[in-house]
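Peer 1: Submitted below is the structure of interest, expressed as structure tokens.
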């Protein structure tokens, strides 16, 4: 699972946004830690100076690299010898364009949340800026990071499906079924507000993910779309349901259904691609499997490290063996967090938090050894009943 | 998703084993990074000095804290002012007991892989040592770290199932269906070798996980077991299939089926618990859901952050909203890794590795904005066909 | 499972079409037998007189009621005292209109396959004829017969979903992925031939089922549709993929996706309905369950006779208890057929056909009794190993 | 779907038991009708003469063949020229032996419910009687009638799994979780009463099905079993949970878990068989699929008429194409029943029963035709919005 020999420098990561109360900022930082390729060293974590400082302390930033504004951060970082390599922009949609452009102009690579900007014009200016500055600029369409989505992309690219005919994607949620924004819910409020989200609601928030996923996996792009947007939530200004038909240049067809008002669906992303020779089916809530069917053969269930996954270079992320689903690492991490909680509680002289479970102490480890001994003894006697110790 | 206010010190983590070629060492280090509660600062990563040094360099250890033996590590760390807080022992089973005891004696907390030791006597000596030294000692029964397993435990403890009747666990794999150990496969070789694994094969390797999971979730312990162990692999000395019946003190009954020879199963752990009032069903390969059925009502599908999950304190790990399965973070991390690859390739003047995909560049971000504009335009015209730009 | 007391006359059933080689004719007759409400007594089973006679003999028709043409059947039946009550028309699409009209005019009730006719004008003439004659006229949209579809309809009608917002149906097959019609395949040939199928291919064949199912379950009807039909099969004249958007009078929206070219799908019908208060999800290939989710509550899995199915009158068909899926009866019937095969073989002095399995002979019944005795004995001895007999 | 040419005589079927209030009697008669190989012509449907007569009327028996006792039926039938061919015995367990023996002695073939008798001695006498009389005798282990169970059996017999290693069967229900028998529930009462059920509760009722299924599909038989039976229901005399280990002569191993007290399970039968080369997995509540995995290859989903099902003779039952699950026929039958209800209501001058739905009238058939026309029109215009008419 490790790479051979080579010692790689960790990149220095900065962040704009993502301070206390942020949903996605901690996710970015966690994601940056998992593969140990980044150190998080600088940030302008909030537009509120006090919250920015507090966020910096919680994230173990050096005080002189916890900035009060992103403008100060550009200035502070540009001339340091240990300046950041890349900045992650995780602010609301209407604060993407300014820092994205400024950091590129100052020579930094950029990772930015989606949707990219408020308008097409801003987006195109960022494209132009990137070309001129030669910087890297990545937009975080997370779902394209799943191993089995990459497997799908590789299988399409390898021609296993033949010429494509259909690319159907759905992205179905339920959380805006009622007028959550009227209750003061922060995430609901800005996502349903044209001033902060732009002109698309569900369209910009999740249909863009579906659209990107369709293109990422299929490798083809549409030449015409036909849209039917609806706003079902009482008093809601932006669309909360998107029905879309797509026509591709080479005759393929597509559908996108994105919804935030379908009870029973949490984050139901499904990608189906069909060609002349085979079909693929992937669902985000069971991300570890990809159903692949050659026409005239039984459907096969492919898993990340399982058999039948061929011709796809392994990703760098150190994944476990087959059957250890994405998520196994979080389960493992929970154990480490529990230990840290226990140690902190002991060192600080108070009780550990109630949710902290030392899932298996040495006593339980010893009980496991006695279990093994008893099972061997029972078996040795021909299958008798033995106390486990 | 962040915790309020408090700034916590990161614990200093050391490791015994886990150098180049190790399967589980990198998983431990990744797990320690996810929640950002540890810094990895010292290690004796291999019994081979050269490999130990190489592992230390790859893991960014300071040279004076990359030790050649675990004995040297105990001595080197015990008197440092910045000495490690906790050591993770990730060596083969027969090298658990020695370092576990020595690190406890030297005043360190311990995280240790399972099964704990080679014999019950060693295990009981570790229990005694832990009591005497007052150290923390955690055994990594990973599957108990899944949020929905903890939800199950909490529901049982809250009495939602009533008095328990049945606790049935299965842990089914296929990888030893053929004599993989005869091919020189390192993992298969030591796991089927009594000298390195102890007297139990499948029994010690995975049935112990099933046994721990049964106790962790149910809170009850058996008073008698009846075992039927089989070795199906040609020439195999240790068991590769375990059939077990269990009787609990309070009249409950259990079954454990663990196998390494069942084609079609990668890592199929399933936990089912039934009481007088309700039943629970969880499967590791779909870890995000827990089926809960009150007698006389329809089965409910509970998910980590979804409705119906009550009375269970949230874990510390910053998980996403409902529908973002465990594994979402790995997908996100893949994006960061891709960016790091691209930057490294550029800085070093070569092509990025073929598997590195900048899943969405700024050009694609801009395409997404044009998609939104086109969809709004199509919809504004009553649902006409519009080019996406 | 039986109805109380009342003795009901069996209806006399006739059939047009459905002779040797027919796919759907035997299905109609089987369906008519299941609930024992019909006797099949007359037919014009083929347009070929010899095949018509042969079909009549195989179906145990009296020779004078096995007609050579449907016209002869109208004349022959209309004046009999024991004339048929109802006629089933199971011919290709282009032979629906004629007999449907003639049998109604002659005073018979009609059951007719879909799509109803070749043109809207013919269809409207049948509507007018039905009004004038007062006959019953049923079109066989089979999928609306599933118990859980009726449960869905009843739940919508009872207001459990609140005002409806979305009705999305898909009906996805793969069998026309290649040009099956070019190989002489009879079913493929007529379904892709405008002269026999009418102007719609996939549209008339299966999208009409999806359209009916949407209306049947939701109770609402669209006021506008937007269609994108494609023909992917080389040289194919009729559409084999249908993408449809729907707008309903009361503001609800819908999608229909019907396809015959999606490898990995056999007969994948899925119905999803969402309202202001709850959502429903049903899939034909797992017909025994209906997922019902009230907004803000966990999804519930409803089954035909299971808990949570309220307010819906039971259908007449004698179904088994919960957990005995639709299909249990076919499994049971297979046993009876096996016995019939064995008896026929014995009586006729030859070996039974190879596929005929007497699944459990009296010897195996006795083995089962010995198994019970051995299990009781093992248990009585505290759980020892006992030979089963 | 029809068989070629041959006209087969329908067998004459009689029944002992199965009158008003019976659960399984109507299922037998329905099963006998499905494939049209039997005519139901005689019965002693109840031990209560009045109920026997009433049952005969409801089942359209001729009055002289609706007998008051099974003894009278033996006498009445044995000398008729049109005597029954086969008798189905569907009485409680304690009334199997008597009629089974008597009908064999009188020269009739027998179909009998399981468990066969109350004691092993009775069972062995039936075996001896059958040998002496040369009659056919079938025990209704229904689950062995599913097409995919037969496919499993055929694959094992064809050697596709190699030498067998494991045969694990579970049969899990929940209906006896509480003391249903104390409420006067008829089915619960006799199944928990040793006098009517014999010495095994769950053991005789459903573990015998699991045991038969294991042998039917695997073709091997155990040489020793180890049983742990439990009675969890308060005051219950017979076991309601069965944990069983099995050892086969050739070294294979097995487990059986049967339960009636596991909330969340309706009728959860699962059969898993593993050999040196491959594994099989089948679940009764999704009976149409069989998961087949060759070691080292991805799991394949086989369906009845789908690809990959080779070397297995088709059963006689006229099944539909792939994707039309077992159960499709019941759905179809519901439509016929609805029509019969509507006709009966009209003829008798009252309203049809509320549950009777004419799922698609001719008006709806015409609406379907207008839908097709509108979709073609929308498509012809390049994908515009068109009213469906």
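Read-outs: derived from the displayed coordinates by stated rules, not from any lab. Every value quoted in this text rests on a predicted model; they were computed, and no experiment measured them. Methodologically, a virtual Cβ is constructed for each residue, glycine included, from the backbone with ideal geometry; neighbour enumeration extends over all protein chains shown.
Peer 1: If you count the DSSP beta bridges with both ends in the protein assembly as shown, what percent of them are antiparallel, to the nearest 5?
Peer 2: Expressed as a percentage, antiparallel bridges in the protein assembly as shown total about 60.
Peer 1: Under a no-solvent Debye model with one identical scatterer per Cα of region C:57-100, what's log10 I(q)/I(0) at q = 0.23 Å⁻¹?
Peer 2: -0.94
Peer 1: Ok, one more. Tell me the relative contact order for chain D as a rounded percent, counting alpha carbon contacts under 8 Å between residues six or more apart.
Peer 2: Relative contact order comes out at 12 percent.
Peer 1: Once the convex hull of the alpha carbons of region D:11-140 is built, what does its volume come to per residue, in cubic angstrom?
Peer 2: About 94 Å³ per residue, rounded to a whole number.
Peer 1: Still on this structure: Checking a compactness column here: for the protein assembly as shown, what do you get for Rg(Cα) / (2.2 N^0.38 Å), N being the number of residues?
Peer 2: Cα-based Rg divided by the globular estimate yields 0.96.
Peer 1: Okay, next question. Shielding of A:207-219 by partners, i.e. mean partner chain Cβ atoms within 10 Å per residue?
Peer 2: The per-residue average across the peptide is 3.
Peer 1: Okay, next question. Put a label point 7 Å from Cα along the Cβ direction on residue A:219, then list its distances to the equivalent points in the other copies in nm, shortest first.
Peer 2: List, nearest first: 4.5, 5.0, 5.5 nm.
Peer 1: A further question follows. Please list A:32-45, C:79-92 highest first by mean number of surrounding beta-carbon atoms within 10 Å per residue.
Peer 2: Listed from highest to lowest mean packing, they are A:32-45, C:79-92.
Peer 1: May I pose another question? Sorted from largest down, what three extents in whole angstroms do the Cα atoms of region C:143-303 have along their principal axes?
Peer 2: 51, 32, 23
Peer 1: Would you please put D:300-307, B:376-383 in order of how densely packed they are, using the mean number of other Cβ atoms within 10 angstrom per residue and starting with the highest?
Peer 2: By packing density, highest mean first, the sequence is D:300-307, B:376-383.
Peer 1: Show me A:215-225, C:338-348 ranked by packing, highest mean number of other Cβ atoms within 10 Å first.
Peer 2: Ranking the peptides A:215-225, C:338-348 by packing returns A:215-225, C:338-348.
Peer 1: Okay, next question. What's the center-to-center distance, using Cα atoms, between region B:239-295 and region D:373-389 in Å?
Peer 2: 54 Å
Peer 1: Below 8 Å, C-alpha to C-alpha, sequence gap of six or more: please give me the relative contact order for region A:11-140 in percent.
Peer 2: In percent, rounded to a whole number, it is 23.
Peer 1: Measuring from label point to label point, each 7 Å out along Cα→Cβ, what is the residue C:72 to residue D:60 span in nm?
Peer 2: Going by the 7 Å Cα→Cβ label model, 2.6 nm.
Peer 1: Okay, next question. So what is the relative contact order of region C:153-208, in percent, for Cα pairs below 8 Å that sit 6 or more residues apart?
Peer 2: Relative contact order for region C:153-208 comes out at 19 percent.
Peer 1: So for region C:97-233, Kirkwood radius off the Cα pairs, Stokes-Einstein at 37 °C and 0.692 mPa s: how many µm² s⁻¹?
Peer 2: Translational diffusion coefficient: 189 µm²/s.
Peer 1: Still on this structure, please answer the following. What average number of partner chain Cβ atoms lie no more than 10 Å from the Cβ of the residues making up D:132-141?
Peer 2: 6
Peer 1: Let's test the formula: R0 of 30 Å, r as the Cβ-Cβ distance of residue A:350 and residue B:132. What FRET efficiency results, to the nearest 0.05?
Peer 2: After rounding to 0.05, the efficiency reads 0.80.
Peer 1: Out of the DSSP beta bridges found with both residues in chain D, what percent are antiparallel (nearest 5)?
Peer 2: The answer is about 60 percent antiparallel.
Peer 1: Separate question: Along each principal axis of its Cα atoms, how long is chain A end to end? Whole angstroms, biggest number first, please.
Peer 2: Its Cα atoms span 78, 63, 52 Å along the three principal axes.
Peer 1: Run lengths n ≥ 4 of DSSP H only: what is the helix-derived mean residue ellipticity at 222 nm for chain C, with -39500 (n - 2.57) per run over all residues, to the nearest 500?
Peer 2: One gets -9500 deg cm²/dmol as the mean residue ellipticity at 222 nm.
Peer 1: Every other copy gets compared here: list the nm distances from the residue B:381 label point (7 Å along Cα to Cβ) to its counterparts, shortest first, one decimal.
Peer 2: 1.4, 8.3, 8.4
Peer 1: Give the nm distances, rounded to one decimal, from residue D:64 to the matching residue in every other copy, measuring between label points 7 Å along Cα toward the beta carbon; shortest first.
Peer 2: Counterpart label points of residue D:64 in the remaining copies fall at 2.5, 11.3, 11.5 nm.
Peer 1: Work out the mean other chain Cβ neighbour count within 10 Å for the residues of B:284-291 and drop it here as an integer.
Peer 2: Taking all residues of B:284-291 together, the mean is 5.
Peer 1: Can you name the residue in chain C whose Cβ lies closest to the C-to-B rotation axis, and give that gap in whole Å?
Peer 2: Nearest residue, distance rounded to whole Å: C:300, 3.
Peer 1: Between region A:40-68 and region A:7-25, how far is it from one alpha carbon centroid to the other, in angstrom?
Peer 2: The two parts, judged by their Cα centres, are 11 Å apart.
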